[in-house]
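Read-outs: derived from the displayed coordinates by stated rules, not from any lab. Small disclaimer: the values here were computed from a predicted structure and weren't measured. Don't worry about glycine lacking a Cβ; one is built from the backbone with ideal geometry, like all the others, and counts go over all protein chains shown.
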Amino acid sequence: MSIEEVTALKSVKRLKVQRFRAHAGVRGDLVVRDDAVATEEPLEIRLAYTRPDGLRAQQSISITMRTPGNDGELAAGFLLTEGIIADAAQIDAIGPCGPPAANGLINVVRVDLAAGVEIDLDRLKRHFYTSSSCGVCGKASLEAVAVQGRYDLHGAALRVRAEALGTLPERLRAQQSVFERTGGLHASGLFDAEGRIEAIREDVGRHNALDKLIGQALLKNELPLGGCGVAVSGRASFELMQKAMMAGVPMLAAVGAPSSLAVELAEEFGMTLVGFLKPDRFNVYTRPDRIG
C-alpha cells in the first residue's frame, strides 16, 4: 500500500461522543453515538538540495498541521507558492522520510531537488503574514509577492458566467468526501469557465488545501492555470490570494469574506476576487469584467 493510500485511510477518526438532543416538551438527554472527526497531524517538509560546494544537504523548512493525504502535493505546492521552486522540472523526487509514527502515519516528507537547482537559503525562512503583530505592513507584503510572482495576470482571458459562479458552493460541497463525514474541513477547488470543478483538495488548514490543489497541478505540468479559477470554502485571505497568484490563477471565489489586503493584492496583480459567494448573490471586489 502506498503512503498516499495509508494516509487517506487516516484522514478520518472514529470515536464515541455523548450527543445531547432536546425534544419538544420533553427534557433532553445524552445518548452515546459514533462520530467522525477530521484527522489533524503535523507534517514536516524537508528539502534536499545541492550546496554551492557540490555536496548534498538536507534542511527542514516547514512544519504544518494538516489532514493526512496528498502530502507530496502539499509539499510541492508549498515550495512553489513560497517561491522556492519555479516548476516541476526542479523536483527530482518526493517521498516519505523516516519510520512511521505509532499510529502508522509518516509525518515527514522529503523533496529532493534536481542537481544544479539553485535555491535562496534566506527564502527558506518563511514569512508569515497572518499575525497583525509580525511587523510587516501591507505595502511590504505586496512588494514581497511582486518579487516572487512570475505570471502576468492582467491579460488573462478567463471569463465565467455569473450563474455558473453561483453553482460553485454546491458543487464544491458535493465533492468534499471527508467534510461530508466530519463537517470539519476546508476545501479548494479548481473550476473552469463553465463552473465545473476539475479538481478538489481538502484539509483542516485552508492554506494546505490550496497548496495541495496547486501541487497536483504543478506535478502534472499544468501551470500556469490561466484558464481556471479557484473556489475556496472559507474566507479569502492575503495568503490564499498570494498562493493563487503564484500558480497563475486569475480568479478566486470565496464563500466567505475577503480581507482588505487580499483585495489590494488582487487589484495590484490583475486578479478577479469574488466574496460572500452564494447561489443567488455575491460581491465582486476587483476585475468584474471577467464575469458575464
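For region 169-292, the Cα-based Rg and Dmax, in that order, read 13.1, 39 Å. Placing dummy labels 7 Å off each Cα toward the beta-carbon, the span from residue 143 to residue 18 is 5.6 nm. Among 286, 50, the order by Cβ neighbours within 10 angstrom, fewest to most, reads 50, 286.
Calculated FRET efficiency, residue 56 and residue 221, Cβ-Cβ r, R0 22 Å, to nearest 0.05? It comes to 0.30.
Each label was represented as a point 7 Å from its Cα along the Cα-to-Cβ direction; for residue 161 and residue 194 these points are 1.1 nm apart. Modelled spin labels at residue 118 and residue 174, positioned 7 Å past Cα toward Cβ, are 5.0 nm from each other.
Divide, for region 41-124, the radius of gyration over alpha carbons by 2.2 N^0.38 Å, where N is the residue count. Mind dumping the intermediate values first?
On the way: Rg = 12.7 Å, N = 84, 2.2 N^0.38 = 11.8 Å.
So region 41-124 has a normalised radius of gyration of 1.07.
Nearest 0.05, what FRET efficiency do residue 86 and residue 280 give at R0 = 30 Å with Cβ-Cβ as r?
Values: r = 41 Å, r/R0 = 1.36.
In this case the efficiency is close to 0.15.
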